[in-house]
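Have a look at the structure below before the remarks.
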Amino acid sequence: MPTSAQAPNNLQSPSGDSSPWVVWGPLAILLAAFVGLFFRWLYTQHLFSRSHMEDWGHAYVIPLISGYMIWQMRHKLAAARAVVFWPGIAIVLLGVWCYFFFNMSPAVSNHMLQGASLVLTALGIALTVLGPRVGLRLFLPLAFLVFAVTISERIMILVTWQLQLLASQGAFVALSAIGALFGFSAAVEGNILTVITGSGETHDLNVAEACSGMRMVIAFIALSGAVALLGADRWWQRIAVLLLAVPVALLMNIVRVAVLGIASIVDADLAAGDAHSLIGTFLLVPALALFLGAVWALKRIVREGDNAASQPKGVGA
């Protein structure tokens, strides 16, 4: 028994009249139903991102990047054969069931897993409505949406704690080297970094707080993922760029803490509040430059003549 039926490849109504509503009408209804189903999660994520812009503000940008990836593939998607693939309904139902399961009670309620269920449902809808050939091309752009999902606090502490310790040690080395030239010194004990001026005045910097930017590691991974998918030609290049995400995040936060340490000598208020938040956001710019530089270097490793044979046909290739 066939499990798929070919979808219309043009914008013709059943009567033969050209009408964009034949395609865009059902898509608009489907999108409205999707937003309505997951509205509670979307609104909760919005509130959390708005109140934690430094750590999770990137969640607003992730759907735009996913949309750009899809737009970049628009010609290949239009040329592909779209079919209705009914087995994909199983993935949709699984995603919806998981979403409601992780909403049932405080004992199992989990915002992160609710978000993962949303992404799973989106993947299932794409597979069901468009079929495997088109749906699989959309897998990476849609899977990229996971970077818009806030990670559970317990996991973030587990991931960032060791990175904070490494950042404090790295900042200590950097400040000690700079201090040797400008007449101040530094000391570190655990997560407490102390900057000592030439006059003996001390300025303590709690790296666990000042280096809350380590929580931006998800933003750095998302940034590296976007650069890898949009800029790299080969899978090994994409993986290499992704593997750079955590080292680059660590390097940028060492710079961040070192800058805050120097700023605390000038004005202690500069090491707290909006000032240190802005520093962390600005460091995404050099991080982007590093990722782009890595893509450029990796492309030069491969001979130009080999590119045609191995270049993917798009983001989802």
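Where a number appears in this text, it was derived from the coordinates with a stated rule and is not lab data. Predicted model only: the values in this text are computed from it and were never measured. Neighbour counts run over all protein chains shown; Cβ positions are idealised from the backbone, glycine included.
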Given the Cα-Cα distance of Val266 and Gln72 and 0.36 nm per residue of separation, how much length would full extension add, in nm? 65.1 nm
Gly231 neighbourhood, Cβ < 15 Å, K/R = +1, D/E = -1, net charge +3
Return the FRET efficiency for the residue pair His46, Ile196: r is the Cβ-Cβ distance, R0 is 35 Å, and the value is rounded to the nearest 0.05. 0.20
Given 28-39, 239-250, 193-204, the highest-first ranking by average Cβ count within 10 Å works out to 239-250, 193-204, 28-39
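Mind sorting Ser105, Ser49 by how few other Cβ atoms lie within 10 Å of their own Cβ, fewest first?
Working: Ser105 8, Ser49 17.
By the 10 Å Cβ count, ascending: Ser105, Ser49.
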So, relative contact order of segment 143-208 in percent, Cα under 8 Å, 6 or more apart, is 22 percent
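Restricting to Cα pairs below 8 Å that are 6+ residues apart, what does the relative contact order work out to for segment 59-117? Please round to a whole percent. Show your work: numbers first, answer last.
Working: 20 pairs, mean separation 12.3, N = 59.
RCO, segment 59-117: 21 percent.
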Between Ala143 and Tyr60, the two model label points (7 Å from Cα along the beta-carbon direction) sit apart by a distance in nm of 2.9 nm
Which value in nm describes the separation of the simple spin-label points at Thr281 and Ala107, placed 7 Å from the Cα toward the beta carbon? 4.3 nm
Length-normalised contact order of segment 25-150, Cα under 8 Å, at least 6 apart, in percent, tallies to 30 percent
Rg/Rg_ref, segment 25-150, where Rg_ref = 2.2 N^0.38 Å and atoms are Cα: 1.09
One finds, for Leu166 and Met53 with R0 = 22 angstrom and r their Cβ-Cβ distance, a FRET efficiency to the nearest 0.05 of 0.35
